[in-house]
1. Could you state the number of Å between the C-alpha centres of the stretch A:193-239 and the stretch A:260-315?
2. For the stretch A:392-492, what does the alpha-carbon gyration tensor say about shape, rounded, prolate or oblate, given a ≥ b ≥ c as the root eigenvalues, a/c under 1.5 as rounded, and a/b over b/c as prolate?
3. Among the lysines, which have Cα under 28 Å from the Cα of residue A:353 when same-chain residues fewer than 8 positions away are ignored?
4. Ranking request for peptides A:556-567, A:173-184, A:134-145: highest mean number of other beta-carbon atoms within 10 Å first, then the rest in descending order.
5. With only alpha-carbon atoms counted, please give the Rg and Dmax of chain A, in Å.
6. Relative to the first principal axis of the alpha-carbon coordinates of chain A, what is the inclination of helix A:139-151, with its axis defined by its Cα atoms, in degrees from 0 to 90 and to the nearest 10?
7. Just order A:293-300, A:218-225 by mean Cβ neighbour count inside 10 Å, highest at the front, would you?
8. Students often get this wrong, so check it: of A:573/A:595; A:534/A:573; A:283/A:573; A:532/A:562; A:532/A:595, which have C-alpha atoms separated by over 18 Å?
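The values are calculated or read from the model by the stated rules, or taken from the named source; none is laboratory data. Remember, it's a predicted structure, so these values are computed and weren't measured experimentally. Backbone-built Cβ (ideal geometry, glycine too); neighbour counts: all protein chains shown. Surface accessibility is based on the protein's heavy atoms, side chains included, excluding ligands, DNA and RNA. Shrake-Rupley method; radii C 1.70, N 1.55, O 1.52, S 1.80 Å.
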Amino acid sequence: MLHSVCLASPLHSPKLKDSINGTSEVPNTTLLHHFTSPFELKQAVAFLIKTNKPLSLLPLSRVASICALTPDFPFAQQIFSSVDQQEVSIWNSCLRNLAEGSSLIDAIFLFHQMRCYNVSLDCFTCSFVLKACVGLRDLLRGRIVHGYVEKLGFQSNLVLLNALLHLYATCGAMADANLLFDKMPQRDAVSWNIMITQLAKKGDVDGAFDLFEKMPDRNLRSWTAMITGFVHCGKAKEAIRLFVEMEETGLRANEVTVVAVLAACADLGALDLGRRIHEYSNKSGFRRNIHICNTLIDMYIKCGCLEAAKIVFNEMKERTIVSWSAMIQGLAIHGHGDEALELFNEMIKMGMKPNEVTFLGILHACSHMGLINKGREFFTSMSRDYNISPQIEHYGCMVDLLSRAGLLQDAYELITSMPINPNAVVWGSFLGGCRIQKDVKMAEEAIRQLGVLDPLNDGYYIIMSNIYAEAKRWEDAARVRKLMKDRGVKKTPGWSSITIAGTTHEFVAGDDNHPQAEQIFKRWDELLEQMKSKGYVPNTSVVLLDIEENEKEKYVYRHSEKLALVFGLMNIKPGEAIRIMKNLRVCEDCHAAFKVISEIVKREIVVRDRNRFHCFKDGFCSCKDYW
DNA sequence: GTAGGGTTAG
């Protein structure tokens, strides 16, 4: 049958014979399956014609992929016309491969060829080329395809409308997306999910949730899209709440849901749930999923379980740069800068190429260990050896590294000479260094800049006023406080939290609202006696107020992290680590106190503050008092 | 055929 098709086909026409001119050598039969160029293809065709065999013996997908992007396109068309398969479907599968791979531009080019050579396009063609447009964020070309969709009469095809919706929403043309979504004759879960995902990605998480609540038939991907959206918009609590609700409907998390929920756990420091999801993930056979492992690493790191993160990392059969970067960053914020650098070297030895995030972790590690020269070397190396130009974040790290180490002049020079405009974080790091060095003049320069760059951030005023207070310049300190008040800036209240048996207890400074407040204060007084006998002296310089010394002590003794710790000591069984989270940086006096307490109670105390971890053990802290 | 996920400075 195929043979007769072949005989009747135009392939025996003089035209085709001309086009394979110069390829008359009889090829080996293996060429039928192994040709990789138009030239070899022509040899194969010549062989078939010569031996009177049907052209359908050729692997058509390969014919298509070889001719798709070349001027030999019509040659392939001639071959296809001899077989009993629709030409467009062969090109479509080729188009799909390109659109799903990394050759999106080639996919667009193939689409162009198909139009040039009058292939009659179908809905599949349009959907694949739209996918390529989305991948390239090529709105303009996407609009052209939209024109084709209308011209070819596919305008009521739901799948294509969804693809167009995806195009507009992903490329930021939300007005077009909304218009299309509103006027679609019918919508399915995909339509809603596209809108939810993209709205949340653009930060409109309320708009996304509004749609989520309105949509008629939610599927797992709808829930996942919404959970992911909450996480990306910094609403981890809402993400978890929704996840619990999803479980109640009987839906089971898939790999993408797991990633989102783990990320939420990382944000909140929700170790219990994180562990539960880890178990669920293993039971569900997700153990090999790299995204999940990377998020697990991050979750354990941000929950203060460095060892658990290491186990996940070590057990990974395959790692990406994200795995390495996450681990390096994790070691850095846990104060194991030396290990971070070792891991970096190991990574390089294995031939893995670092990216800009890897360097952020490395610079972070150097900064937290005071490795000034190493940090400088890495900073130079990243652009010189790896062709990665430093971003504002890398400059931020360097300014932090230098100013923390007391090299304020160097830091200042870096800021004023950097090719990017310094932002508030850069000046903020500098200001932090000024506080450590007690350099009022430099601090004043920083605060001048910050008054313009980020005038509503309370933290800068607090530090400045603290610097004045430490210099006993009470009037200036008060002036800064007043400036803050005049500008309507409120101090973020500090809080610390601790989770016991699934319940999170939050404390603020001076908190006497807690049901166990009396016992907490009593236990603290007992502890204080022991601490003093070990040499603890309260450091009242952290109190900004101009009040009597013994009044200051009372303030210090009621700091939120101390209350959380004492509560933990009372309620967590001996031997277990105590994990505390704080929304601000841990105070110096608490830091000193926790070291002594870790020795007295012989327990590990892990504190996650807004920047890093402090792991107190046997009288020492993992940050080595450099933070 | 159309919707999705991981590391990011103070």
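1. 22
2. Because a/c hits 1.5 or more and a/b fails to exceed b/c, the stretch A:392-492 counts as oblate.
3. Within the straight-line cut-off, residue A:353 pairs with A:302, A:310, A:317, A:374.
4. Packing order, densest peptide first, comes out as A:556-567, A:134-145, A:173-184.
5. In Å, with Rg to one decimal and Dmax whole: 32.3, 107.
6. 40
7. Sorting A:293-300, A:218-225 by mean packing, highest first, produces A:293-300, A:218-225.
8. Pairs exceeding 18 Å: A:573/A:595; A:534/A:573; A:283/A:573.
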